[in-house]
Amino acid sequence: MITNISLVTVWVKDIEESKAFYTNVLGFEARDDVILGDDFRWCTVGHPTQPELHVHLSTPGPPMSPEFVDAIKRALDQGGTFAFGISTDNCVATVAELEKKGVEVLAQPAERPYGVEALIRDNSGNWIVMVEAREWTVEEMAAFAGDDPSTLNPMANAE
């Protein structure tokens, strides 16, 4: 029986720089960090309150095909890849704190049917959605989005 999600991979440009970003800026903790062979590093970080979930920081490379590696690198360079979502108890204050630390904010906190949402970028260009969640109903979501689900896109009203 599956009990939980235990590992997610985030593509990064530089593992050491990303490890510093996730630990020093976002407040994650360093977990595993092992170099395997000449070209593979197994490096994970995680949130202190979620010991069961590891975020694997990985650079694209072997055993993936060169075409796949190039595609991931291009996507990172374009800054449009999605890493994951994080929860916060105060989206406005958290974004203000992260801005002071130099984090790029793609979309300032905005009210959504499901809470207050913002969008930030990690040091490799990945999007991280941040939500201060609240209870919501299907009816609220439908009323907010109407026939246009693009209204839920946090970049739709980004500065």
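The values are calculated or read from the model by the stated rules, or taken from the named source; none is laboratory data. On a predicted model such as this, the values are computed, not experimentally measured, just so you know. FYI the Cβ positions are ideal-geometry reconstructions off the backbone, even for glycines, and counts take in every protein chain you see.
Tell me yes or no: at least one residue of region 132-142 is assigned to a loop (DSSP other than H, G, I, E, B), of a type outside the set (D, E) and surrounded by 11 or more Cβ atoms within 10 Å (Cβ to Cβ).
Yes, there is a match, as at least one residue in region 132-142 is assigned to a loop (DSSP other than H, G, I, E, B), of a type outside the set (D, E) and surrounded by 11 or more Cβ atoms within 10 Å (Cβ to Cβ).
Considering region 42-53 alone, what residues qualify as being in contact with a strand residue (DSSP E or B) (Cβ under 6 Å, 6 or more places away or on another chain) and either farther than 30 Å from K100 by Cβ or loosely packed, with under 13 Cβ neighbours inside 10 Å (or both)? Please lay out each step first, then the result.
As a first pass, look at region 42-53 and keep what is in contact with a strand residue (DSSP E or B) (Cβ under 6 Å, 6 or more places away or on another chain): 42-46, 48, 53.
Answer for region 42-53, where residues must be in contact with a strand residue (DSSP E or B) (Cβ under 6 Å, 6 or more places away or on another chain) and either farther than 30 Å from K100 by Cβ or loosely packed, with under 13 Cβ neighbours inside 10 Å (or both): W42, P48.
Tell me, please, whether a residue that is over 17 Å from the mean Cα position of the chain (by Cα), assigned to a helix (DSSP H, G or I) and loosely packed, with under 14 Cβ neighbours inside 10 Å can be found in region 17-35.
No - not one qualifying residue is present in region 17-35.
Please state which one of T9, T3 is without any contact (Cβ under 8 Å) to a residue 40 or more places away in the chain and either in a loop (DSSP other than H, G, I, E, B) or polar (S, T, N, Q) (or both).
The conditions single out T3.
For region 44-62, which positions are in a loop (DSSP other than H, G, I, E, B) and not small (G, A, S)?
If the condition is that a residue be in a loop (DSSP other than H, G, I, E, B) and not small (G, A, S), then H47, P48, T49, Q50, P51, E52, L53, T59, P60, P62 are the ones that fit.
Restricting to region 64-84, give me the number of residues that are among the small types (G, A, S) and within 21 Å of F40 (Cβ to Cβ).
So the count comes out to 4.
Using beta carbons and a limit of 7 Å, which pairs, at least six apart or on different chains, have the first residue in region 113-128 and more than 20 Å from K101 (Cβ to Cβ) and the second one of a type outside the set (A, V, I, L, M)?
Sorted first by the residue in region 113-128, then by its partner, the pairs are P113/W136; P113/E140; P113/F144; Y114/R134; Y114/W136; G115/E132; G115/R134.
Those residues that are assigned to a loop (DSSP other than H, G, I, E, B) and under 15 Å from T9 (Cβ atoms), I need them from region 63-86; list them, please.
Once the filter is applied, which keeps residues that are assigned to a loop (DSSP other than H, G, I, E, B) and under 15 Å from T9 (Cβ atoms), region 63-86 yields P63, M64, T81.
Given the condition exposed (fewer than 14 other Cβ atoms within 10 Å of the Cβ), over 19 Å from D122 (Cβ atoms) and of a type in the set (D, E), answer yes or no: does some residue in region 66-73 qualify?
yes
Among the candidates E159, E117, E132, E97, single out the residue that is acidic (D, E) and either modelled with pLDDT under 95 or under 26 Å from R74 (Cα atoms) (or both). Talk me through it step by step, then tell me what you get.
Values: E117 fails: either modelled with pLDDT under 95 or under 26 Å from R74 (Cα atoms) (or both); E132 fails: either modelled with pLDDT under 95 or under 26 Å from R74 (Cα atoms) (or both); E97 fails: either modelled with pLDDT under 95 or under 26 Å from R74 (Cα atoms) (or both).
Answer to the selection: E159.
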